[in-house]
Amino acid sequence: MAARKQTKKKEAPSLKFYKKLVLNQYMLKLFGVDSFEELAEEMKQVEDEGYDESNSTYYCRVLIDKFAGKCAIPPGKLLQYDDNIVRHTMRISGKRQQPIRWKYFQYLSLLFSEIYLDRYFADSEKLREELNDYIRIFNSNKGTADKIDEYKPSDLNKIAFWNATGSGKTLIMHVNILQYMHYLKAYGREKEINRIILLTPNEGLSRQHLRELELSGLPAELFDKNRGGLLVSSDRKIEIIDIHKLKDEAKEKTVAVESFERNNLVLVDEGHRGSSGKDWKQKRDTLCEQGFSFEYSATFGQAVKNDPKLTQEYAKCIIFDYSYRYFHGDGYGKDYNILNLADDSDKDRRELYLTACLMVFYQQLKIYEENRKTLAPFLIEKPLLVFVGGTVNAVRTENKKNVSDVVDILLFFADFIKNEGNKTVDNIARLLSGNPGLLDSKNREIFRDSFFYIKGKGMSADIVYMDMLKLIFNGAVPGAGLHIESLKGTDGEIGLRVGDAEDYFGCINVGDDSKLIKLCEDNGLNTGVDFQIDSGKIFKLNWGNQLVEQRKFSF
């Protein structure tokens, strides 16, 4: 009998992804440091985010003074890079009421871009050799599964920024455009780039980028295949297009990716959120094959998970890492508390759980409203409650009716406001008792200590209910109806209001609003259309307390 051939078990990676970012590590080594923390420690000491008497940043002065002797970049070069950053910053500040002042991590993002672009345009082959020298050092003490492949020439024209949400990626993108165009001109290669293309996950984000680019004084437009947009104009505008409009072949509402040619400057905002699989990345690669690409995301870590090929690619192109762990460590962002039910299959338990969620939010609003002066120095904004579903229109069948995560929430809102049979008030009383029976997998009450502020005020369940209607639902009357209204002139937004109230208390952000409105109608909810509202008006006027969003995450 032949011996059974044993299959060698594949070695599993032992290094976390953020420890494999060889391009980022190479950049740090240029300053003579082994970690971002070493560089950040000195940069955080800068108290003045403005400029000195010679119009240089104080960040540049710190880099020259504190890293002298170990920085591989001469002081003159650092001053040159700093001058470029200041000039570009002035350019995008022109239309703004307040001049832009960079935080240390934003400045370093731009400085790393300057260094890379200068070296890339000056001698890309020398840059590749230096990067591969570093990779060989990196790989020397790593297991097979943790080794990084050496750079090929085609790897050099893509860099990415792993920066947390809220850390200023949009403004960094605007300066990156100016930086790239500066070096393109400085090295006499302006004719090599065909167009500047900004890829977004959806139309809503495309419009948001258009507004931001206009504010920065950068010429931009939403791409329109019917406007003759395939011809490059002399006043080169940034063309904004959501990834869904790019296809292999042109159709009525889409355009063939090949029609843009391959020598473009491409900017990608959260690309993996907008298209299934790796489809978006293939299109990005085609568009910038003979050009260049900047990519921005807060979620590279999740995107490359369990994908060795993507891990290899992004380990070599992420130039700056200011992901959430750094962002949160610097005191930004939010602390979180995960409160999961062991079993949410029972409707009454779900309603009790959602009531608890509303009460936690109500308590935050109460603290905010009653302590505004105390909180003002900390720049804390009015709390916002966000419900995130798999997709807004994802439908399942319950009790012979088609419902979705979002419809579930809306039905709960309607029942909460109506308080039929005093059920809402009874649920509030149970929660205030500290023993409502909402247990985690270890049989612990998950909301036992959650309502300290409300309890401290000695409020009864009836008073809490009435105050919740006032603060959360804009003064709704008990028993009033919930109205769900499609907002004409907006991009997939639905407003939520109660009874005769003019102001909306919440907003739903959805791709296909008509489909969701129909689903709401089928479930007995009141629907309508508001023809009077302007795009984005709900949150511009701070009407909204709540946002219901779809989540699209794929790579």
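If you check L385 against the conditions, is it out of contact with any Ser or Thr (no Cβ under 9 Å at 6 or more places or on another chain), of a type outside the set (S, T, Y), surrounded by 12 or more Cβ atoms within 10 Å (Cβ to Cβ) and in the same structural domain as L432 (by TED's automatic domain parsing)? The answer is yes for L385.
Condition first: closer than 18 Å to K29 by Cα and in the same structural domain as Y322 (by TED's automatic domain parsing). Can you find one or more residues in segment 173-180 that meet it?
Just the residues of segment 173-180 that are closer than 18 Å to K29 by Cα, to begin with: none.
No, there is no match, as no residue in segment 173-180 is closer than 18 Å to K29 by Cα and in the same structural domain as Y322 (by TED's automatic domain parsing).
Can you tell me which residue in segment 147-172 is nearest to N24 (Cα to Cα), limited to those that are in a helix (DSSP H, G or I) and in contact with a Lys or Arg (Cβ under 7 Å, 6 or more places away or on another chain)? Step by step, filter segment 147-172, then rank; the result is D155. Would you check which residues across segment 37-83 are acidic (D, E) and crowded, with 18+ Cβ neighbours inside 10 Å and list them? Across segment 37-83, the qualifying residue is only D82. Annotation: D279 fulfils all but one of (1) buried (at least 18 other Cβ atoms within 10 Å of the Cβ); (2) at pLDDT below 75; (3) out of contact with any helix residue (DSSP H, G or I) (no Cβ under 9 Å at 6 or more places or on another chain); the unmet one is (3). A count restricted to segment 116-130 and to residues that are aliphatic (A, V, I, L, M) and surrounded by 20 or more Cβ atoms within 10 Å (Cβ to Cβ) stands at 1. Only one entry of G421, G437, G479, G458 meets the criterion of being part of a helix (DSSP H, G or I) and either exposed (fewer than 14 other Cβ atoms within 10 Å of the Cβ) or not assigned by TED's automatic domain parsing to the domain that holds L519 (or both), and that entry is G421. Contact map, segment 21-43: first residue within 18 Å of R61 (Cα to Cα), second residue assigned to a helix (DSSP H, G or I) and β-branched (V, I, T), Cβ cut-off under 8 Å, separation 6 or more or different chains; pairs are L30/I115; E42/V62; M43/V62. Scanning segment 349-371 turns up no residue that is of a type in the set (K, R), surrounded by fewer than 11 Cβ atoms within 10 Å (Cβ to Cβ) and either farther than 27 Å from K442 by Cα or outside the structural domain of I409 (by TED's automatic domain parsing) (or both).
The values are calculated or read from the model by the stated rules, or taken from the named source; none is laboratory data. Note that this is a predicted model, so its numbers are computed, not measured. Note that we place each Cβ from the backbone using ideal geometry, even for glycine, and neighbour counts take in every protein chain shown.
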